[in-house]
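I have placed the structure first, in the form of structure tokens, so that the comments after it can refer back to it.
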């Protein structure tokens, strides 16, 4: 019961954090959203800046992509957020529209005595073996071979993974499914999987916290969480066999071949992309809204918020090592909003002079 109460307290504080930072005057509009923890740092930063500029607020609950999908389907929020892009079949079945906001990368954060940020090197095969429970010690011969000269201890590896339905997990398991046939067969790719080994943490924040607290731990987190919490992370060998660092440039390189304009529902997955500079665990994060709006005025406020973010939030995104979309893609995204309509068929975005 104590663990349940603690989890509820943590969940409440996570949701409360953004509510507090976006408190608004009585006459202002507070839009609501829930879902992915991957973009929480940038949504929080955007919300604070948007409130200062417009007086309007955002109450965003960082609950995980699975919860975000459920909440938008149930119409309990104005928008849902997911790092797993939904298929066109699922979007059409639930009457949803989806569009991306930013791109970012995931890293393997670790807690190994004497090993600093960027000193540990990993590849997809070793990551899969660790998460399958086949490599259990930090001085395993395969790790030593890939890290010559690095003093790896004879200590146990504690695998940390997400305990909640998570788009971060979708991106991570999508990557491992491309790298390892064994992983693809035994575990698969989804927002929630049956983990062979490890300890679950709730949200990116929960995984990051476990990695910090548990000696010998390794866990996958969105880069901003490792950066903001000063947790060491590994360099990775990519699709082309090149050792790369997580940077805006390496995330952009992974997205270089993406055709956002011609991909239905913007359903682009950026893991294990070719290119000498590509970060192998890269992904976009998405917003979900209903195509037919019960409250078009609130829907318009959501679209205004993200339009403002596209126009003004690029530098803020880059400060947190997210990759904003170029203007040409933003125009395609905003053009797609014409499918979001009031019940009488009037497009929400074009129904107001304030829309553009």
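The values are calculated or read from the model by the stated rules, or taken from the named source; none is laboratory data. On a predicted model such as this, the values are computed, not experimentally measured, just so you know. Counting neighbours? That spans all protein chains shown, and the Cβs are built from the backbone with ideal geometry, glycine included.
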Test residue 145 against the stated conditions and say whether it is within 15 Å of residue 195 (Cα to Cα) and free of Cβ contacts under 8 Å to residues at least 12 places away in the same chain.
-> no
Those residues of segment 236-250 which are within 19 Å of the chain's Cα centre (by Cα) and either within 17 Å of residue 143 (Cα to Cα) or part of a loop (DSSP other than H, G, I, E, B) (or both), in sequence order | 236, 245, 246, 247
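For (1) modelled with pLDDT of 95 or more; (2) surrounded by 14 or more Cβ atoms within 10 Å (Cβ to Cβ), each residue gets a yes or a no:
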{"site": "86", "(1), (2)": "yes, yes"}
{"site": "103", "(1), (2)": "yes, yes"}
{"site": "109", "(1), (2)": "yes, yes"}
{"site": "114", "(1), (2)": "no, no"}
{"site": "118", "(1), (2)": "no, no"}
{"site": "134", "(1), (2)": "yes, yes"}
{"site": "138", "(1), (2)": "yes, yes"}
{"site": "154", "(1), (2)": "yes, no"}
{"site": "160", "(1), (2)": "yes, yes"}
Residue set 14, 37, 76; condition at pLDDT 90 or above and out of contact with any helix residue (DSSP H, G or I) (no Cβ under 6 Å at 6 or more places or on another chain); output residue 76
Is it true that some residue in segment 181-200 is closer than 29 Å to residue 249 by Cβ and crowded, with 21+ Cβ neighbours inside 10 Å?
-> yes
